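Working notes, structure below.
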Amino acid sequence: MTMNRLSMMFGAALVAMMLSGGAAAATEQHVDAAQIAAAKTPADHEAIAKSYDAEAEAADDKATAHESMARTYRLGGAPKGSHSSMAAHCDRLVKQYRAIAEDNRQLAAEHRQMAKECCSQHSQH
């Protein structure tokens, strides 16, 4: 078995493991407008923050999987002549998923701040 073929098989197995982990994260509840509108307590905001954390983790998992796929394409895991275009496609997705993960982390942090502000307002009454 050649090294390239072994690398491709390892990469494919790694991607499959990552994607199966991402499937578990995908079952998490996604934040919706009604949940945000109904958030009145620190616990409500923390629940929203946790959902954003889960979405960030799922996006990171997808980015990592596409990094692995890009490496595989560069090692010859695509039909001749399409290696660079397939790797470039994965590279674009990595950037997009990393940006999505960061946005979700920022939203989680903002909701955690809202939870703190909510607490201080309630303790003043």
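Laboratory data are not the source of any read-out in this text; all were calculated from the coordinates shown. All figures in this text were calculated on a predicted structure; none of them were measured in a lab.
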(request) Starting from the Cα of residue 62, draw a straight line to each of the aspartates and glutamates and keep only those under 18 Å, dropping any in the same chain fewer than 8 residues away. (result) 28, 53, 91, 102, 103
(message) Could you derive backbone 3J(HN,Hα) for region 63-71 from the dihedral phi with the Karplus parameters 6.51, -1.76 and 1.60 (θ = phi - 60°), listing whole Hz in sequence and x where the residue is Gly or Pro?
(response) 4, 4, 4, 6, 4, 5, 5, 4, 4
(request) Please turn the phi angles of region 50-59 into ³J(HN,Hα) values with the Karplus equation 6.51 cos²θ - 1.76 cosθ + 1.60 (θ = phi - 60°), one per residue in order, whole Hz, x for glycine and proline. (result) 5, 5, 5, 4, 5, 5, 5, 5, 5, 5
